[in-house]
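Quick one: this structure, given as structure tokens, is what I'll be asking you about.
Just so it is clear, none of the values below were taken in a lab; they were calculated from the coordinates. Remember, predicted model here, so these are calculated numbers, not experimental data. In this analysis, Cβ positions are derived from the backbone assuming ideal geometry, glycine residues included, and neighbour counts consider all displayed protein chains.
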Amino acid sequence: MSRRTFYVELLTPSNPTSEQRYTQSLIPTFSSLLPLSAQLTAFNTFVRPVSFKTPRDTEWKYLLVAEFPSRSSLDGWFAEPKVQQWCKDRAACAARLWAVVGTGVGNSFDVKGTFDVAPFRPATPPGIFMLNLLHFKSHNPGSYVTYAETLTSQFLPRINGGVMFFFLIQKLVDVIGFAENPYEGFDAVGLVGYPKFSSFVGMVKSEAYLKVQPLRDEAIVDGAVLATRPVVMMAKI
């Protein structure tokens, strides 16, 4: 299974005018600048982020996910003058901004290349996506591997859910004017699709899930989950 490189960006606009520019101009421009081999999906958040252990006063409005065939293709694209200008324009619209790059297996689950699961093939398109931000103890997934395998093989198939991607963070993207990193030391990013928000809530409250949840809790120092909905799907083939 080929490995892909992902650019993930969280942004909160500074005001309604900036939000309109971001959604109506900058996101379409971002898509038009992408190489033919890349794919962009944009989401908006609809539930305040839930932190696992450390409370944070961090709210996000939009999530961008761009998928590239390789790290070199992403790095080369980012170096282009038009893309650099887009980054400056986007930063000017933001009150808060965080972005990372990493390589993993799209539509499956892969931690350090040690295991995979079947690609995500839902019978119907997911209605919501949960963004998972994870900080592992000693930067080692440990028992999270077993938790992830159980989640993807037993729980998600029952509710027509699945992992869209998972990757270890390789690089924090330098964002001009935004030195603060609300997720300092975090190791991994994952996106999981569910038919609806109640499907996710029902799963995490079930007796069966509560029995495997300690595997996740034992492996992480901290984490956060953001509930999102896709607002525009853009693909270049």
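Counting Lys +1, Arg +1, Asp -1, Glu -1, what net charge surrounds T23 among other residues with beta carbon under 15 Å of its beta carbon?
+1
If you don't mind, there's one more thing I want to ask. Taking a 31 Å limit on the Cα-Cα distance, which of the listed pairs K82/K137; K61/K137; K137/K205; K61/K211 fall beyond it?
With Cα atoms farther than 31 Å apart: K82/K137; K61/K211.
Please report the net charge: other residues with Cβ closer than 13 Å to the Cβ of T150, K and R +1, D and E -1.
+2
Could you check the simple spin-label distance between A95 and V201, using points 7 Å along Cα→Cβ, in nm with one decimal?
2.6 nm
Which FRET efficiency value, to the nearest 0.05, is calculated for V212 and E59 with the Förster distance at 22 angstrom and r the Cβ-Cβ distance?
The computed FRET efficiency comes out at 0.15.
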